[in-house]
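First up is the structure itself, then whatever we jot down about it.
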Amino acid sequence: MTTLLDRQPKTGLSAAGALGQVHTAIAVLADSVTSAGAGDLVAGCERAIRRMEAIKLRLIAAADRDGVAADSGLASTGAWVARQVNADQAGAARAVRLATALDHPSSVAGPAVADGSISTEHAAVVVRAVESLPSGLSDAQRRTVEHSLVEKARSLSPDALRRAARRAVAAVEPDEEAVDAHEDALVADEEERARQRTKLTLHDNADGTVTGHFTVPSLHGHLLRKVLDTMTAPRRAPLGASAAQVGDRADRLDWDRARGLAFCELIEHLPTDRLHGKTAATIVITFDEESLRDRSKAGRLDTGESVSAGEVRRMACGAGLVPVVLGGSSLPLDLGRSQRLFTEAQRTALATRHSTCGADGCERPFAWTELHHRQPWSAAGRTDLDNAVPLCHFHHRRVHDPHFTHDFGPDGVTFHRRT
């Protein structure tokens, strides 16, 4: 059977022969890799890779036109591609859709991919954006939008281009409110698709650990990342402090493990008595007052992502301002021996004295701390404010660790390894 690569072009060199020369050139490059001129070579390699990807997409488009899959007894071109390159069929199907879109005579992104100036990732963003344009636009307007996106793709990363593409219609739409409404509709559709794909799986490894995998909407993923990164960022002790005070160096430099431990801390502090209530984590959403009324305009997260106007209004229902009122109705702040645990009222009062963990030099915010009895309750310690000290998860575990001693000094709690 004659394949696409066996067809003879006008140059006299077959496609298979040309591909053989490409592999020969790659071998030469691989044998001569040094750091000399690495910047230009990396950029050149990237452009060559993009051009090869463009050729592969053209081959896929040609195979789709010629019905190669049917000749091979396969149900679709995606299945044929998956067999040729040992890929999963979902990814192969996406490649076929992109290939056919770029192969269209009116495609602006196709030539840009072919000359290596933009990647297939960029092209996929451009194609999706053009497909999502309002139905009332003319072909000329669609090409104008595509031209605009391709120009942006030359200087933006695929992720940055994806964000910019939500407002791509601005290239032909002078009405800013119409642009806002279109962007909001795109974000809302994306959120709905994300909710449909959301899932969580957990597997007990039977060795004391549980492995999990989850897919959640971007909003919740960025919120979780921000919380964990913030929990791992502050120092636990003054610079130069001992390992007893700050913990093992390996634990602090292994960021994946640090985030894992922070995740455990977060799970331990979930409000299980009121799971429907507000969380202690905060993510900033920028929007104007009209968005809370009836204008369709997406909000901006401080992580760079967007949320639809409907999602903004939903979250605003749970938002509030919590004032600290002094001189109001009195609350019992000293409970003596009548209660084992400190109350929320006591915690609020203690927040006026402390802003961070009570360990020497620890910068973890008060909101993340647990209240510890300076004189243990088991040793007749009272559940009173003067006997309370806020400690972060790490230092609270350390204060109960029999391998360490601790002292309450003027600068906070200090720790020492027992000898």
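For beta carbons closer than 7 Å, sequence separation of 6+ or different chains, a first residue in the range 394-419 that is closer than 25 Å to His269 by Cβ and a second that is basic (Lys, Arg), the qualifying pairs are Phe394/Arg236; His403/Arg417; His403/Arg418; Phe404/Arg398; Phe404/Arg417; Phe404/Arg418; Phe408/Arg374; Phe415/Arg398. Being assigned to a loop (DSSP other than H, G, I, E, B) and out of contact with any Phe, Trp or Tyr (no Cβ under 8 Å at 6 or more places or on another chain) is a property that Arg257 lacks. Taking (1) part of a helix (DSSP H, G or I); (2) within 21 Å of His122 (Cα to Cα); (3) without any contact (Cβ under 8 Å) to a residue 60 or more places away in the chain in turn, Ser155 satisfies each apart from (1). Here is the figure for the range 101-127: residues that are without any contact (Cβ under 8 Å) to a residue 40 or more places away in the chain and of a type in the set (Val, Ile, Thr) total 2.
Okay, residues lined up against (1) free of Cβ contacts under 8 Å to residues at least 12 places away in the same chain; (2) under 24 Å from the mean Cα position of the chain (by Cα); (3) under 20 Å from Ala298 (Cβ atoms); (4) buried (at least 19 other Cβ atoms within 10 Å of the Cβ):
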site: Ala164; (1), (2), (3), (4): no, yes, yes, no
site: Glu183; (1), (2), (3), (4): no, yes, yes, yes
site: Arg193; (1), (2), (3), (4): yes, yes, yes, no
site: Lys199; (1), (2), (3), (4): no, yes, no, no
site: Asp204; (1), (2), (3), (4): yes, no, no, no
site: Gly221; (1), (2), (3), (4): yes, yes, yes, no
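None of Ala153, Ala140, Ala87 is farther than 25 Å from Cys45 by Cα and either surrounded by fewer than 19 Cβ atoms within 10 Å (Cβ to Cβ) or at pLDDT 95 or above (or both) except Ala140. Restricted to the range 360-379, and to residues there that are surrounded by fewer than 17 Cβ atoms within 10 Å (Cβ to Cβ) and of a type in the set (Gly, Ala, Ser), the residue that is farthest from the chain's Cα centre (by Cα) is Ala379. Residues of the range 377-403 that are at pLDDT below 80 and in a loop (DSSP other than H, G, I, E, B): Ala380, Gly381. Scanning for something touching a Cys at 6+ places or on another chain (Cβ under 7 Å), more than 18 Å from Ala243 (Cβ to Cβ) and not assigned by TED's automatic domain parsing to the domain that holds Arg236, does the range 401-409 turn up at least one residue? Taking every residue of the range 401-409 in turn, none turns out to be touching a Cys at 6+ places or on another chain (Cβ under 7 Å), more than 18 Å from Ala243 (Cβ to Cβ) and not assigned by TED's automatic domain parsing to the domain that holds Arg236. Considering only the range 368-375, I want to know if a residue exists there that is assigned to a loop (DSSP other than H, G, I, E, B) and either touching a Pro at 6+ places or on another chain (Cβ under 9 Å) or without any contact (Cβ under 8 Å) to a residue 12 or more places away in the chain (or both). Taking every residue of the range 368-375 in turn, at least one turns out to be assigned to a loop (DSSP other than H, G, I, E, B) and either touching a Pro at 6+ places or on another chain (Cβ under 9 Å) or without any contact (Cβ under 8 Å) to a residue 12 or more places away in the chain (or both).
The values are calculated or read from the model by the stated rules, or taken from the named source; none is laboratory data. Given the structure is predicted, the values throughout are model-derived calculations rather than measurements. Ideal geometry is used to build each Cβ from the backbone, glycine not excepted, and the neighbour counts take in all protein chains shown.
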